[in-house]
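The values are calculated or read from the model by the stated rules, or taken from the named source; none is laboratory data. Just so it is clear, the model here is predicted, and its values are computed rather than measured. Here the Cβ positions follow ideal geometry from the backbone for every residue, glycine too, while neighbour counts run over all protein chains shown. Note: accessible area is taken over every heavy atom of the protein model, side chains too, but ligands, DNA and RNA are not part of it. Shrake-Rupley method; radii C 1.70, N 1.55, O 1.52, S 1.80 Å.
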Amino acid sequence: MTTVTVENINYKEEIRRKTSKPLMWMGIVSIIMFFGGLTSAVIVSQGGGSFLSIEMPFSFTISTFVIILSSLAFHVGLISINKGSYTIAKISVLITLLLGCLFVVTQYMGWVALYESGVYATGNQSTQESSFIYLLTALHVVHLIGGLVSLIVVLVKTMKQKYSLDNSLGMQVSITYWHFLGGLWIFLFFFLRYTIA
Amino acid sequence: MSTHHHHAKDFLFTYIFSTDHKMISKQFLVTGFLMGFLGLIMSTLFRLQLGWPGESFEMIEMLMGSWQEGGVMSPDKYLALVTMHGTIMVFFLLTAGLSGTFSNLLIPLQIGARDMASGFLNMLSYWFFFISCMLMLASLFVEGGAASAGWTIYPPLSALPEAIPGSGAGMTLWLVSMSIFIVSSLLGSLNYIVTIFNLRTKGMSMTRLPLTIWAFLLTAILGVLSFPVLLAAALLLVFDRSFGTSFYLSDIYIGGQVLDHTGGSPILFEHLFWFLGHPEVYIVLLPALGITSEIISTMSRKPIFGYRAMIGSMMAIAFLSFIVWGHHMFLTGMNPFLGSVFTFTTLLIAIPSAVKVFNYLTTLWKGNIVFTPATMFSVGLVSTFISGGVTGLILGNSALDINVHDTYFVVGHFHIVMGLSAIFGMFAGVYHWFPKLFGRMMNNKLGNIHFWITIVCAYGVFFPMHFLGFAGVPRRYYTNSEFPMFNEMIDINVFISICAIIALVGQLVFFFNFVYSAFRGPRAPQNPWKGNTLEWTAPVEHFHGNWYGEIPAVYRWPYDYSKVNAAGEYVYGEDYIPQTTPLGDDEKDGGEH
Ligand code: HEM
Ligand SMILES: [Cu+2]
């Protein structure tokens, strides 16, 4: 078989431009279905009737504010890229990243608080509801770590001034995911409040 | 020296870590077929046990060693092989093998794109698939043997490592393998959807898409919506198995010991599993239906009858497939009212299915049919889709299902409607697009021999299973000879097993034809079947980018076959008009109405 190249056509770049965002959106749909499956499992299990209620740790409320702030900061970053002010952009992305890490810390504090109050994830003292509360929050954090990695990439690219008004696709994709993670947390927060906690 | 190095690198990126959709398609095809062949051999092995229970097959002991001690398969191995057979056939052959091959090959070529949305994710998708194949096969060799809880891996057998031998390391590997498989499948599906929505060539509106593409699109959407739920189910299972949670477990004794688990319910698993499981049967079936639509229209030299109805019925099937999962659970103590709701939604699927069958038959009706192996297998699919679909009406009815649930009636039903239909569609696709895949033609005579052996033996295997099922013979049993009333039916089982063995031999004809033609077949012309779709406008040789120069634009739907003008002459002198031919002044686009 001979290898022939298609000359004069830079189609790879065009494909990337047309499909990066839709790919992200489809990825988000599958994550939604994943959490949809798990939250349905909570509801089906609850149908058994023996669900106990658990006190939601206060630091989860802090998490909620932290993640909302981080989304705002990221947005400021994108706006400043569009305006060409890299300094503000850099600071905003850095703040987003720090707030993202702070979110993970507050989640961890939440788990510690749960553990201290005798709510266990596994073992014979755990119940379904106690397992679910750890599992759902932890899986959200797992997805969030993907977001943090993308934030680091965006931060480096911002530092190197790789983005501009008409070239910020990577950043936009990252923002989409980050907002989604924020939304997902808010959903989980209220879902857990009204089912388990 | 340096050129040599360059060659090695070329080889690596052309054949192994290729990001070109055509090469990835071939990788999926070959891997899928090899897995399918193993699955087929497994089924023949356990058919030996079912046809001649307890009899010794020494020849097989030579091959299988301790798995077949004294030539007789042990009950443990029987369960493991049934589970592996089901898993391999459903997921590895008919999900990854079928979609992976044809979505990859045809989406870019038929919509007029240079490649998939992301070649890199596409490559990852294949390699995840490959790793999951290897892990699944490796699980045959671990202590305790492969997973043995059936392809549906219901807890508690799947949740308690100590339950049966196959619940140990084999089950763990099954779960790891399937998780990787799900990731592979999702990466593929994301790519297919985004490619279809965003990379169509000029003029390729949604109502000018070939029905193959519509089928692949809906299949991918089903995948994105249902596979994550299976991942969630598997994850909860992993926690129950390894970390002491109780999502699916409660009040269990093993060897007189009470286990710690309380509060969970295996029914939760069934809900989650079948929320994937039912759409999964359409993930398997829809691509085959799409392939058939395309082939039947091309080969009967007639426009597909009811193009829009075909799209509509596929959409209806895809939608309904999400609200019928309860029909697998009628016997879980479900509220009878809920059961009747699931009965209702299930029976509704008969309507779009009947529309499709009607359209296939009307397309063939009075057509100028060209009989190729692809045509034969497509018509074979229509046949199995009908005869398997009819028994679905019985199973979908909660009152009737009680009598045949978990019997061989079910095994007969799903093999015909899903197994045979999908594999026939896959064979049809391979015969039809072989020239596109390998630039050479397959041998028609061998293809026809393969078809007749396959369809006769396949009905020979699966049709009599309905009678076993009516008599109450349960599925997944190692032997039925202990039950006098079932033992009387041994002749049926012997007949089935003989058909299964001949079917296996028949597939060797196909494999020979496939391999021989790939290297030695006659060179293919650019458009061997006189088709209208875009893939036949692309050069026979493969290169990254698919078309030299501009991608062709599209001006009409793909089914303008035998179009005549008022004087009764072919409009452009031929009985086909490629999609790249502009519409004449007095012509209407077929997809618009
Ligand atoms: C000639 C080829 C085949 C033969 C002879 C065959 C035979 C069988 C038999 C006898 C069983 C039931 C075993 C038992 O319940 O004890 C079985 C199970 C199964 N087969 Fe096949 N089969 C074939 C091809 C296929 C294909 C193409 C598919 C793809 C859908 C498939 C999917 C399954 C599944 C999902 C099960 C259920 C496994 C389980 O119970 O967990 N088979 N097969
Ligand atoms: Cu179903």
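Using only Cα positions of segment B:183-252, each an equal point scatterer, no hydration layer, compute I(q)/I(0) via Debye at q = 0.18 Å⁻¹ and quote the log10 values to two decimals. Normalising to I(0) and taking log10 leaves -0.73. Accessible area of B:TYR478 (1.4 Å probe, protein heavy atoms only, ligands and nucleic acids ignored): about 60 Å².
Pairs of alpha-carbon atoms within less than 8 angstrom and 6+ residues apart define the contacts here; what relative contact order does segment B:21-592 have, in percent? Working shown, then result.
Details: 982 pairs, mean separation 90.7, N = 572.
Relative contact order for segment B:21-592 comes out at 16 percent.
Each helix, a run of at least 4 DSSP H residues, gives -39500 (n - 2.57); summed and divided by the residues of chain B, these come to -20000 deg cm²/dmol at 222 nm. Only one residue of A:VAL149, A:ILE88, B:GLY97 has its Cα farthest out toward the positive end of the dipole of the protein assembly as shown, where Lys and Arg carry +1 and Asp and Glu -1 on Cβ, and that residue is A:ILE88. For the protein assembly as shown, the C-alpha radius of gyration divided by 2.2 N^0.38 Å, with N the number of residues, is 1.00. When shorter helices are ignored and each DSSP H run of at least 4 residues is given -39500 (n - 2.57), the per-residue value for chain A at 222 nm works out to -28000 deg cm²/dmol.
Total buried accessible area between A and B, probe 1.4 Å, nearest 100: 3200 Å². Here the relative contact order of chain A, from alpha carbon pairs under 8 Å that lie six or more residues apart, stands at 31 percent. For GluC sites (Glu not before Pro), the sites in segment B:22-67 that DSSP calls loop and that have at most 15 other Cβ atoms within 10 Å are B:GLU55.
For segment B:417-459, applying the loop criterion from DSSP together with a ceiling of 14 other beta carbons within 10 Å to the chymotrypsin sites (Phe, Trp or Tyr not before Pro) yields no site. In terms of accessible area, using a 1.4 Å probe and ignoring ligands and nucleic acids, B:TRP127, B:TRP557 rank largest first as B:TRP127, B:TRP557. The alpha-carbon atoms of segment B:381-530 define a convex hull whose volume equals 113 cubic angstrom per residue.
If R0 is 45 Å, the Cβ-Cβ spacing of B:GLU55 and A:GLN46 corresponds to a FRET efficiency of close to 0.30. The lysines whose alpha-carbon is closer than 22 Å to the alpha-carbon of B:LYS366, local same-chain residues fewer than 8 away aside, are B:LYS302, B:LYS356, B:LYS530, B:LYS563.
Remark: chain B carries 37 Å² of accessible area per residue (probe radius 1.4 Å; ligands, DNA and RNA excluded).
On the principal axes of its alpha carbon atoms, segment B:23-163 extends 57, 34, 20 Å, with the longest extent given first.
Find the eigenvalues of the gyration tensor of the Cα atoms of chain B, then list the square roots of 5 times those eigenvalues as equivalent ellipsoid semi-axes, largest first, in whole angstrom.
Numbers: eigenvalues 332, 143, 122 Å².
Taking √(5λ) for each Cα gyration eigenvalue gives 41, 27, 25 Å.
Determine the share of the protein assembly as shown's accessible area contributed by carbon and sulfur atoms, expressed in whole percent, with a 1.4 angstrom probe.
Numbers: 21630 of 31720 Å².
Here it works out to 68 percent.
Annotation: lysines with alpha-carbon distance below 28 angstrom to A:LYS157 (same-chain offsets under eight excluded): A:LYS12, A:LYS18, A:LYS21, A:LYS83, A:LYS90.
For chain A, which longest stretch is free of loop sites, where a loop site is one of the GluC sites (Glu not before Pro) that DSSP puts outside H, G, I, E and B and that has at most 13 other Cβ atoms within 10 Å? Don't skip to the answer; put the middle values down first.
Values: sites that count: A:GLU7, A:GLU55.
Answer - A:56-197.
Shielding of B:107-120 by partners, i.e. mean partner chain Cβ atoms within 10 Å per residue? List each step's numbers first, then the result.
On the way: counts 0, 0, 0, 0, 0, 0, 4, 6, 3, 2, 8, 5, 2, 0.
Average per residue, whole number: 2.
Quickly rank B:115-122, A:183-190 as a protection proxy: mean count of other C-beta atoms within 10 Å, highest first.
Working: B:115-122: 22.0, A:183-190: 17.0.
Peptide ranking by packing, descending: B:115-122, A:183-190.
Filter the GluC sites (Glu not before Pro) in segment B:479-558 to those in DSSP coil with at most 14 other Cβ atoms within 10 Å of their Cβ, and list the result. Counting only loop positions with at most 14 other Cβ atoms within 10 Å, the GluC sites (Glu not before Pro) in segment B:479-558 are B:GLU482, B:GLU488, B:GLU541, B:GLU550. Here, P(r) means the percent of Cα pairs in each 10 Å bin from 0 to the largest distance; for segment B:80-238 it is 11, 37, 27, 16, 7, 1, 0.
Regarding segment A:57-195, what whole-number volume in Å³ per residue does the convex hull of its Cα atoms give? Mind showing how you got there, number by number?
On the way: hull volume 12.1 nm³, N = 139.
Once divided by residue count, the hull of segment A:57-195 is 87 Å³.
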